[in-house]
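Asks: Structure provided below as structure tokens; questions to follow.
The values are calculated or read from the model by the stated rules, or taken from the named source; none is laboratory data. Only a predicted model underlies this, so the values are computations on that prediction, with no experimental measurement involved. Methodologically, a virtual Cβ is constructed for each residue, glycine included, from the backbone with ideal geometry; neighbour enumeration extends over all protein chains shown.
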Amino acid sequence: MKPRRPARHRAVILAAAVVLSLPALLATAPPAPPQGPGAPALQSAQDAAAALQAQVAAVAAQLQSAQAAEATVNVQVESAVEAYNGAVAARAKTAAAAAAAAAIAVRADAARTAAWGKVGALAAQEYRDGGPPQLAGLAGLIAARNPVAASLAEQAASGASDQARNALNQASATASRAVLASVAAQQADARAAAAAAKVEAAQKQAQTELSDQQAQVTSLDAQQTALLSQLSDAQRTALQLTQEHAAALAAEAARLTALAAAPTPTPPPLSVLSTDSVLAFARAQLGTPYVWGGAGPTGYDCSGLTMRAWQRAGVALPHYAADQYAQSHPLTYRQLRPGDLVFWSHDGQPDGIYHVALYTGADTIIEAPRTGTVVKTASLWIMGTPNFYARP
């Protein structure tokens, strides 16, 4: 079967896409493959920027809604203010009308009193001139202010001249109408005052609602400003890490190009007997627990397993993955054969090797992965593209 191209070769294409399509990458790119330096930090920065972008959009929508509500309440306040102004103007008119009606009533009452005095004087004069005896004491009766006296005075006045009686009747009627008009004006003023008070309360309530709405708009605006500042910082961070990640991918592509141009070393041959014994031992350990620092027989770590497997073929390897690579012959992917060793490094350098496994062919390995697991068969690419290949 033709070997599959290692995933690291595909990183070159991704590096070019990062440089040419940076804005789209920030918004829509899938998680970067783990082999490039800065990949986890880049993904974290992109996630943070996306989360802040979502928050900004949510707050912007809330702010727009609050501003629309503020405009509506502001119209209500303006209407309430004008209604209050109208009620105050109406109250001023009714108050003036009530005052004028009261003044008219006072003048009418004074005219009626004068008419009574004139009738009394006329009756007294007639009495002195020999008029009817029932007019005696009329002046005193006129001065009296009770229903009985008023009735007697009216009877006495009937003997007075028609001119005096007409004047008295007209003054009394005018005074009565003035009193009724004054009472009606005062009642109208009282109703206008009650209406003004009601409108004033509505105006104050609308103003309170407007103040609350304006406070909400101010708060949301400040929140949006702060989020936009944070988003700007997050986007700058994501951009910087994207550039660093692209540079790392480009550097890796350059390293691969240099490796491809370098002469391919000729690895030592593998005997069938050695390969069979190495693989047989490794397969016999499948299911054995991972033990930190373990070198068998009840548990293994990664380098302990490969050390014991090659020990069966008569090769002594140290119990340390980086030293196992240093004491072996480097290979390329295409030179891999069953029994060879594959290595992963956290920084792409031999000193950074942190894991080793045994290649079994067809892009599979046997490994002791980590605490809590067992020796098992896995894909060669389970931890990303291996950094190094070697043959003891």
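Asks: Filter region 297-318 down to the residues that are of a type in the set (V, I, T) and touching a residue at least 24 places away in the same chain (Cβ under 8 Å), then identify the one that is surrounded by the most Cβ atoms within 10 Å (Cβ to Cβ).
Replies: The extreme case among them is T306.
Asks: May I pose another question? Can you tell which of V19, V81, V75 is of a type in the set (V, I, T) and at pLDDT 85 or above? It would help to see each step written out before you state the result.
Replies: Details: V19 fails: at pLDDT 85 or above; V81 fails: at pLDDT 85 or above.
Every option except V75 fails the conditions.
Asks: Here is a further query. What do you reckon, is E209 part of a helix (DSSP H, G or I) and more than 27 Å from the chain's Cα centre (by Cα)?
Replies: Details: part of a helix (DSSP H, G or I): yes; more than 27 Å from the chain's Cα centre (by Cα): no.
Criteria not met by E209.
Asks: Next question, about the same structure. When region 223-234 is examined, which residues are found to be closer than 14 Å to A61 by Cα and free of Cβ contacts under 8 Å to residues at least 24 places away in the same chain?
Replies: If the condition is that a residue be closer than 14 Å to A61 by Cα and free of Cβ contacts under 8 Å to residues at least 24 places away in the same chain, then T225 is the only one that fits.
Asks: Additional query: Is it true that S219 is touching a residue at least 12 places away in the same chain (Cβ under 8 Å), surrounded by 12 or more Cβ atoms within 10 Å (Cβ to Cβ) and assigned to a helix (DSSP H, G or I)?
Replies: no
Asks: Just to be sure before I move on: is P350 free of Cβ contacts under 8 Å to residues at least 40 places away in the same chain and in the same structural domain as V375 (by TED's automatic domain parsing) in the structure I sent?
Replies: Yes.
Asks: Turning to a different aspect of this structure: Could you figure out which of (1) in the same structural domain as Q216 (by TED's automatic domain parsing); (2) of a type in the set (G, A, S); (3) at pLDDT below 85 isn't true of A11?
Replies: Status for A11: all satisfied but (1).
Asks: Quick check on my filter: what residues within region 34-92 are surrounded by fewer than 17 Cβ atoms within 10 Å (Cβ to Cβ), of a type in the set (S, T, N, Q) and not in a helix (DSSP H, G or I)?
Replies: None - no residue of region 34-92 is surrounded by fewer than 17 Cβ atoms within 10 Å (Cβ to Cβ), of a type in the set (S, T, N, Q) and not in a helix (DSSP H, G or I), so the list stays empty.
Asks: For A322, indicate whether it is buried (at least 20 other Cβ atoms within 10 Å of the Cβ), on the phi < 0 side of the Ramachandran plot and aliphatic (A, V, I, L, M).
Replies: no
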